[in-house]
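The values are calculated or read from the model by the stated rules, or taken from the named source; none is laboratory data. For clarity, every value in this text was computed on a predicted model and none was experimentally measured. Using ideal geometry, Cβ is built from the backbone for each residue, glycine included, and neighbour counts are taken over all protein chains shown.
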Amino acid sequence: MASKYHSVTTTTDIRERNMERKEGEERPRKFPWSGIAWRFMSSLFCFAAIIVMLWGFERMGFLDSWERRGFNTLSILLSAFVSLALGSLLTLLGNMLRWLLLHREESSPGDVDLILGIGAPTGSLKLLWNHTSRRKGWTKTTVIVLLYFIVAILARLSIAGLGLTFELGEEDGIDYPVMITDWGNEGWVAEPDHVQTMQRFIDFALVGLVASPISFNKSDPTSWTTQSVDGLNINRTVDGGTLTYTLSLNEYRGLEVESNKDHLVHSSSSCIARNFYNGTVYRDGKNVGTVSEQGVPRTAPEHLQMLAVLFAYYSSAFIDYIWSAGIDERTIGRNSTGCMTTYLYNEEYLSFLSKFERNATYFECTSCLSTSSGPSEPRSGLSPSLFSERIPPSNTSFATDMLLGMGTLERRSQYKDTAGLFTRQYSAMNTYAHFVNLVGDGTPRRRARSGMPDWYLRPVPVEEEVWVAHLAARLPILGLIGAQRELPRVTKEQGASEKPFVPTALQVK
């Protein structure tokens, strides 16, 4: 029979129910240091990744479309990871806090339910609202939960605060087309007028000499082979006695100058030094020929024939440098091999007794020009495809011969049946920079006046031969450097033009 009395809930019943509920909940037996540690490290790692990402994209400058997409994707992804890691950490701390709150004071069943839910921000807010709206008012538990709620909200909002540290700035810009030197311009070569072309090339080379002298320390062999000589887009190699300069032709985009590593010009030279004394030529102490009043046989080596013509023209003493070459001006550019032999001559003024009694040193240099596209094998001469497909091959062949011989083209003497000996005189005072300073400066001839009567039997130091090779190989490069500065420019792709665009760059505050 059912009791007619309704059950009455007493304070004792509530206390027993609270105890049963507390015992029924699974409580951690120890503080979860490992869980907190890995959550904290995950949050820290994600924050660091965001900082690195911002630093990297800021250094990239203007971002293209795909780079902007990549930045947006990474920023959202990393922010989500930070939010997950930080939220997990705060939830774990809230779950630990609820057990402390339940342990410190007795609570009604309703409060127990609210305290057990404070791990999530909504649960904390629900408890605060309940304690605020009821008549009993706030307790110490309410204050503790409020502080936890504020910390949790601020920690989560700090992720959104990252968005205030950067912005994607936009500004109006112009996309400039790639420009190259107009090698087809009429100011480059005046084919077939070698005199006018020579003067242009000399002017170009003087501009190059002033702007980029291309230094060379002959007394330090370790510096002979080097990259980016004087910070320029020029490399230098010395292999045996051959010195080579490699120039990367310029490309221009707006005010920026870039080196095209696929458009390379190589200028190389190797030189042999000989001493001349009292009509006899010596090479490494050996007699290799004579030059006298009777002249030299037609079958004599070219370097002896050159001396005979040179002495006939310069019959009195002189100390200036003489740069000479035997050139048939009628065939310049027609049968170009990409190479030319030139001679650099210098003597002591006080040694002169007669036309053929002199103390002199002269260098025979074989210089070559070639071009290559990237890692491919160099092609002899200047390749039209590398300079401009808009100019005929004869133009570059003519320019090749003129660049190799322009240091000698000033005076002409009859040399052979069809060829002339072209010579150019340079001051040996070395009071100003020109194309052939300090030729033979360290040769034995220069020490002949200080107790070295057999100077002509002594070999010329290797560094002197390499120095003159540097001068010979440098001159065509100087001409090209000056031409790139002086000649007008055209678009690399025909029809290309400036295009307006809005560049985007990341700005970190």
- Task: Mind listing just one residue for me: the one in segment 71-114 that is among the charged types (D, E, K, R) and in a helix (DSSP H, G or I) and, of those, modelled with the highest pLDDT?
- Result: 98
- Which ones in segment 278-297 are modelled with pLDDT under 90 and either outside the structural domain of residue 241 (by TED's automatic domain parsing) or touching a helix residue (DSSP H, G or I) at 6+ places or on another chain (Cβ under 8 Å) (or both)? 295, 296
- Task: Could you please find all residues in segment 312-345 being under 15 Å from residue 198 (Cβ atoms) and at pLDDT 90 or above?
- Result: 323, 324, 325, 340, 342
- Item | Residues (surrounded by 21 or more Cβ atoms within 10 Å (Cβ to Cβ), at negative phi and of a type outside the set (A, V, I, L, M, F, W, C)) located in segment 317-336 | 321, 324, 326, 336
- Within the set of pairs 6+ apart or on separate chains, which have a first residue in segment 187-212 that is assigned to a loop (DSSP other than H, G, I, E, B), a second that is surrounded by 20 or more Cβ atoms within 10 Å (Cβ to Cβ) and at pLDDT 95 or above, and C-beta atoms under 6 Å apart? 212/481
- segment 342-383: number of residues that are without any contact (Cβ under 8 Å) to a residue 60 or more places away in the chain, more than 15 Å from residue 319 (Cα to Cα) and surrounded by fewer than 17 Cβ atoms within 10 Å (Cβ to Cβ): 5
- So which of 265, 309 is among the β-branched types (Val, Ile, Thr), surrounded by 17 or more Cβ atoms within 10 Å (Cβ to Cβ), touching a residue at least 60 places away in the same chain (Cβ under 8 Å) and closer than 30 Å to residue 376 by Cβ? 265
- Is there a residue in segment 145-168 that is of a type in the set (D, E, K, R) and not in a helix (DSSP H, G or I)? yes
